[in-house]
Amino acid sequence: MGLHKLSHIKKRVIFYRLPVVALCIAIFWQSSFPGMLKQPLFLHDDKVIHFLAYALLAFLTARSLVAEKPDISLFKIRMIAIIFTSFYGLSDEIHQAFVPSRDASIGDFLADSLGSLLGTYLYLNIFFTRKKWSS
């Protein structure tokens, strides 16, 4: 393997895969502790936080897949990003069931899954499309 090829692989890992892994670790770490806010900022603020966090995770996952697997169809990338992000949300809810003063919530899982739909849509239908057309 040439030095240029190795450098290209490192760039893809650092710029595309590492943000996905880092956000997964951050979500897991944060859900390992009791809730950070004692009083809600507004009604259903936890659902909004779940929605946004998992929208970002899906956005980064779709971005990583496009960069690392350019031969895969956008439909498959969309499905992989949504399924991965939703199942990560499900695993996080199961994890929270074992954390003192936390609990698993169907509502949180639904917010995670809806966020995964938005994040994937934003990347593939808005950001990636614009990026592709501007090249």
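Coordinate-derived values only; no laboratory data. Here the structure is a predicted model, which means the values were calculated and not measured. Don't worry about glycine lacking a Cβ; one is built from the backbone with ideal geometry, like all the others, and counts go over all protein chains shown.
Quick notes
- Crossing angle, helix 3-12 versus the chain [Cα axis fit, 0-90 degrees, rounded to tens]: 30
- Summing charges over all other residues whose Cβ lies under 15 Å from the Cβ of D108, with Lys and Arg as +1 and Asp and Glu as -1, gives -4.
- Taking a sphere under 15 Å around the Cβ of E93 and counting the other residues whose Cβ falls inside, with K and R at +1 and D and E at -1, yields a net charge of -3.
- Cα centre as origin, Lys/Arg/Asp/Glu Cβ charges: region 3-134 dipole, Debye: 920
- In the chain, the calculated helix contribution to ellipticity at 222 nm averages -22500 deg cm²/dmol per residue, counting -39,500 (n - 2.57) for every DSSP H run with n ≥ 4.
- Pairs of Cα atoms nearer than 8 Å and 6+ residues apart set the relative contact order; for the chain it is 34 percent.
- Lysine pairs in the chain with Cα atoms under 20 Å, if 8 or more residues apart or on separate chains: 10
- Residue among A104, F84, P40 farthest towards the positive dipole end of the chain, charges placed on Cβ: F84
- Sorted by Cβ density within 10 Å, fewest first, the residues Y16, Y123, Y54: Y16, Y123, Y54
- Cα long-axis angle, helix 18-30 against the chain (0 to 90 degrees, to the nearest 10): 10
- Distance distribution note for region 3-134: the fraction of Cα pairs above 20 angstrom is 48%.
- Region 58-119: relative contact order in percent, alpha carbon pairs under 8 Å with at least 6 residues between: 40
- Sorting the segments 116-122, 77-83 by their residues' average number of neighbouring beta-carbon atoms within 10 angstrom, most packed first, yields 116-122, 77-83.
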